[in-house]
Every structure is written in C-alpha cells, then in structure tokens.
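The values are calculated or read from the model by the stated rules, or taken from the named source; none is laboratory data. Please read these numbers as outputs of a predicted model, since none were measured by experiment. Cβ atoms come from the backbone with ideal geometry, glycine included; neighbour counts cover every protein chain shown. Just the protein is used for accessible areas: all its heavy atoms, side chains included, with ligands, DNA and RNA removed. Shrake-Rupley method; radii C 1.70, N 1.55, O 1.52, S 1.80 Å.
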Amino acid sequence: MNAPKEDTLAVRISRVLAERIIAGTIAPGTRLRQDHFAEEFGASHVPVREAFRRLEAQGLVVSEPRRGVRVASFTLAEVKEVAEMRAALEVLALRHAAPNLTAAILDEAEDATGAVDSSRDVRSWEEANRRFHRLLLAPCNMPRLLATIDDLHAASARFLFATWRSEWEARTDHDHRAILGALRRGQVDAACATLARHVQWIGHRPVPVSGGKHRDSFAIVG
C-alpha cells in the first residue's frame, strides 16, 4: 500500500540530489550516506536507496561494494564524449529546426545571447546559454532528440559548475552571433558548422582541493 508514496518520495529525493550534484553543492567523490538523507527527508531507507539507484542510472553517482555510494567524478574523456555527442545531436536538431525558425524566434535567441554576454556568474551564464540553444533547437519538433540534448546539457552544467563555481568573468560569445547571422541569411550549413565547433570547445582550470593541492578540471563552455 505504501509503494506509490515511496516511489514518489524516491523521485523527489533523486531530483533534489541531482540538482545539488549538478550545481556542485555536493562535490565529486563525496560519499552519500543513507542515514543522512533519510533524516533530512523524513523517509525510511527504502526511497533513499531507490533515489540512489536513479542517480546511478543517470551517471551522477557510483555504487562501490562495501564502500557505499559516492558522487561520480568525471574525466577529460567524459567531457569530450559529451561535447562530441552535443555537437552531433545539436547539429541534427538545428537542421530539422531551421525551416521552422521565424524572425521572432531568432530575436528571442538574440536576447538570450545578450544575457549570456552580460552574465556575471556561472549559473546565470549557464541558464542563458541553455535558453539560447533550446530556442534554436526546439522547432525541430523531435521530442526524443530534444530530451537527449537536455540530458547532455545537464551533464555540461555539472562539468561547468564543478570547474567555475567562482571567478567567472563576463565574456562575449561571438559564436552565438555568427550562428544567428548565418541563420538569418539562410546559410544553414554555416550555422551548423559553427554550432558543431562551438559546443566542442573545452575550457581547463585548476581547482583547489584539500591539502593546498589542485586538480585539473575541464568543462564545455559553449
């Protein structure tokens, strides 16, 4: 009788923890304790375990025998994989979206890239950047493709927040304006080529860790 309620609670717990992991509030490598989250959410261990399984399926945590569950770290190879997948799938979506892009949509996308350029922190930059991409791709009207791209953007956000939680500087995104210019001129091939290059640009930054040391961290900045 309690299964549906526990399932609903597991979904809520997994969503909250996913948001924290993606935002970098819970750092890569952190161990997740069932007791801690059962107490926080006023739940038994059953929905917490199910939430952990959901997070593992998303690639956000890993389960290790006799060591419990920890937040997954990520490597340069994983960042490159997401970048290459984004390039391939976003170009596919843009080619299908291009015939449906109106002047009004392109104007909205231009407003979004203005917000990208004026962003003073990494979170507002990521939100405006994601909005720019979504505006151009949504008219492809391919829900499964867009859902996969959304998942890749979530992974990109996680890399970004883990690398640039601080010391973010506003920057002008010339690629966004080049993509918009090409689309306004009907040059879809040029827009797609710029988009593919744009989402594969990977930034590098040393991130402080305990003991006064640093680790190399990488993120997709596009």
>> Quick check: at a probe of 1.4 Å, how many percent of the accessible area of segment 1-108 sits on carbon and sulfur atoms?
In response: 52 percent
> Where only protein heavy atoms count, and the probe is 1.4 Å, what is the accessible area per residue for segment 38-97 in Å²?
Replying inline: 55 Å²
>> Show me the ranking of peptides 146-158, 60-72 by mean Cβ neighbours inside 10 Å, starting with the highest.
In response: 146-158, 60-72
> Taking all protein chains as present, what is the carbon and sulfur share of the accessible area of segment 114-160, in % to the nearest whole number, probe 1.4 Å?
Replying inline: 53 percent
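Hey, can you find the accessible area per residue of segment 115-169 for me, probe 1.4 Å, expressed in square angstrom? Display every interim value, and only then the final one.
Working: 2570 Å² over 55 residues.
Per residue, segment 115-169 has an accessible area of 47 Å².
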>> Can you compute the helix-only [θ] at 222 nm over the chain? Use -39500 (n - 2.57) per DSSP H run of at least 4 residues, normalise by all residues, nearest 500 deg cm²/dmol.
In response: -20500 deg cm²/dmol
